[in-house]
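Scroll down for the structure; my scribbles are underneath it.
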Amino acid sequence: MLFRTEILKIKHNFILWLIVTATFLVPLLTTLDFIDHAKDVIASHSDPWPLFWKEAIKGFTVFVGPLVIIMTTCMYMNIEHKYNAWKYLLTLPLQKSTVYVNKLLMALLLLSLLYVLFLLFFFLDGILLGLAFPQMGFLHHQPDIGGIFYLAGRTWTAFLGILAIHFWLSFRIKNMFINIGIGLTGICIAVLLFRKMEQAVYFPYIDGLLTVFYQYPGQHLFAKNEIYSLCVFLFLTLLSYFDFTKRFRG
């Protein structure tokens, strides 16, 4: 029942519009780039899907992923702050742990929705390119579904650290814009560290970039930055859980 209520909270919220717009924009820009370089793509006589996916996932990871995850997490958690509803929510005949878990699951659902829509628009744009420009070969080749979902899953994991940071900050900091500002600062630092990103593996805001810009050996399911991001997520989730259930009063 509580989780259903959490879903209703975002049903008419700008959060969904932000997710749809962001996930639509990256494949669209990649598509426009392919149209602009149609002659080069056609002249290559090769499978266009790998390059199309490479450009799309890089654009998503650099320009959309971190910022949208931060904004959606902050906006979602800010609903209670905005209407001074935390104290009311905590007076309901529910354990605080139940409230926390439902909030966290909703934040993870929003992250997953971001990926589902991105992949949907990616495949749709590829098919439309194939219909508009048959010579490109989109309809003559099959995309590597397994490889695409594998890399998408790895970047999803790489973003968990960022989500955990701003999920915790979101119920501790009432001003949503301060929280977003902290996230933007982290993103800017990640950009500045771009050329030295391999040495910055312990900085959560750069983990997504490491996944798409560095080809790690394939003998492991996850790369070291993704494992670190998962550890950060688990550690901060544990800390924020105890903070919420033991100390948070709304």
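Observations on the structure shown:
- The alpha-carbon atoms of the range 14-159, seen along their principal axes, cover 66, 26, 22 angstrom, with the largest extent given first.
- Computing FRET efficiency as 1/(1 + (r/R0)^6) for Ser46 and Ile127, where r is the C-beta to C-beta distance and R0 is 22 Å, gives about 0.75.
- In summary, the chain shows an alpha-carbon radius of gyration equal to 1.10 times the 2.2 N^0.38 Å reference for compact globular proteins.
- Here each label is just a point 7 Å from Cα along the line to Cβ, and for Leu109 and Leu89 those points are 1.3 nm apart.
- The chain, relative contact order in percent, only Cα pairs under 8 angstrom and at least six apart counted: 28
- Helical segments meeting 27 Å axial Cα length and Kyte-Doolittle 0.5 threshold in the chain (DSSP H): 14-36, 96-132, 224-246
- Label-to-label distance, nm, for residues given as Phe24 and Ser97 (7 Å Cα→Cβ offset): 4.2
- Set Lys174/Lys246; Lys174/Lys224; Lys11/Lys103 screened for pairs whose C-alpha atoms are more than 25 Å apart: Lys174/Lys224
- Listed peptides 90-100, 13-23 appear in the order 13-23, 90-100 once ranked by packing, highest mean of other Cβ atoms within 10 Å at the front.
- Alpha-carbon centroids, the range 180-249 and the range 88-151: separation in whole Å: 20
Each reported figure results from applying straightforward, stated rules to the coordinates on display, with no laboratory input. Quick caveat: nothing in here was measured; it's all calculated off a predicted structure. Counting neighbours? That spans all protein chains shown, and the Cβs are built from the backbone with ideal geometry, glycine included.
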